[in-house]
Amino acid sequence: MEGTRRSKIERLLQKELSELFRKQAALMRGTLVSVSMVRISPDLSIAKVYLSIFPSEKGAEMIESIEKNKKTLRYDLGQIVRLQLRKIPELVFFLDDSLDYVEHIDELLKK
């Protein structure tokens, strides 16, 4: 039971954060940010958000910018999901480099 509840909350957070980043895409000047995965702690207090950023060269810069605006993002997320969740988890952002890894493997296989 607990696992299904956590997975539903993870999907909800992923969907709503993706929508927030999509709305702010115009401000990011040619950078696409998508939420690839959200993992939430068992006590629902910390959400680890894995972001996939294109182009990948701007990844560190975008993570830094998102970290600076973390409180605003959490507030906006809280306004959206306030009827579904009692407590909005702290957001911790990570760069998801799995696409870069896949490209690297493809390049090695072509050689």
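What follows is calculated from the coordinates using simple rules that are stated; it is not laboratory data. Not measured: the values here are computed from a predicted model. Don't worry about glycine lacking a Cβ; one is built from the backbone with ideal geometry, like all the others, and counts go over all protein chains shown.
Before moving on, here are some points about what is shown:
Residue by residue, here is whether (1) in contact (Cβ under 8 Å) with a residue 24 or more places away in the chain; (2) closer than 15 Å to residue 33 by Cα holds:
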site	(1), (2)
63	yes, yes
66	yes, yes
70	no, yes
77	yes, no
83	no, no
89	yes, no
93	yes, yes
101	no, no
105	no, no
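- Yes/no for residue 64 being buried (at least 16 other Cβ atoms within 10 Å of the Cβ) and within 14 Å of residue 91 (Cα to Cα): no
- Residue selected from region 1-27 under the condition of a type in the set (A, V, I, L, M) and loosely packed, with under 15 Cβ neighbours inside 10 Å, by the criterion nearest to residue 87 (Cα to Cα): 1
- When 10, 57, 19, 61 are checked against the criterion of being touching a helix residue (DSSP H, G or I) at 6+ places or on another chain (Cβ under 9 Å) and among the acidic types (Asp, Glu), 19 stands alone in meeting it.
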